[in-house]
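Below is one structure, written out as structure tokens; the observations come after it.
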């Protein structure tokens, strides 16, 4: 699939995700097998100690990983998460979370993906989470 067509497909799908809209998330970069999503740490997405909630971290990491997988699939296929694991490494302190995802191993039936999620304050980024999962291609 041509890169501009693939990017349009990913961006159109992202725009239909009400969860990402609710979180204020934006699709920043799209490339074959790799996607980056940003999300501000808004007052409504904090946990009781004031850090970004792990649910925010997980949501953008999962979505970025799914779109990285989708970027490699033909137009007659979509993708769903079969399983995904998260390791929370540090509190989500900062103004913005950044999920950088990539396909580790593409396959016809299983696609192994990973996401690194960073918290940004100013120009400083701290790795706060690692996600690894499996996406499954499904017919449209």
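Throughout, read-outs are computed from the coordinates displayed, never taken from laboratory work. Fair warning: this is a prediction, and the values are worked out from it, not measured in the lab. All Cβ positions, glycine included, derive from the backbone under ideal geometry; neighbour counts span all protein chains shown.
Considering the range 105-140, the residues that are touching a residue at least 60 places away in the same chain (Cβ under 8 Å) and not in a strand (DSSP E or B) include one that is surrounded by the most Cβ atoms within 10 Å (Cβ to Cβ), namely 106.
Could you check the range 88-99 and list, in sequence order, the residues that are surrounded by 15 or more Cβ atoms within 10 Å (Cβ to Cβ) and part of a strand (DSSP E or B)? Correct list: 92, 96, 97, 98, 99. Looking only at the range 1-21, residues that are under 13 Å from residue 32 (Cα atoms), touching a helix residue (DSSP H, G or I) at 6+ places or on another chain (Cβ under 9 Å) and loosely packed, with under 12 Cβ neighbours inside 10 Å come to 0 in all.
If the requirement is being over 19 Å from residue 47 (Cβ atoms) and surrounded by fewer than 16 Cβ atoms within 10 Å (Cβ to Cβ), which of these qualifies: 85, 102? It would help to see each step written out before you state the result.
Values: 102 fails: surrounded by fewer than 16 Cβ atoms within 10 Å (Cβ to Cβ).
So the residue among 85, 102 that is over 19 Å from residue 47 (Cβ atoms) and surrounded by fewer than 16 Cβ atoms within 10 Å (Cβ to Cβ) is 85.
Every test in (1) closer than 23 Å to residue 110 by Cα; (2) surrounded by fewer than 18 Cβ atoms within 10 Å (Cβ to Cβ) is passed by residue 79 save one, and that test is (2). Within the range 42-68, the set of residues being under 18 Å from the mean Cα position of the chain (by Cα), surrounded by fewer than 24 Cβ atoms within 10 Å (Cβ to Cβ) and touching a residue at least 12 places away in the same chain (Cβ under 8 Å) comprises 42, 45, 53, 54, 58, 59, 62. How many residues, within the range 22-37, are within 15 Å of residue 118 (Cβ to Cβ) and crowded, with 18+ Cβ neighbours inside 10 Å? Going through the range 22-37 one residue at a time, the tally reaches 4.
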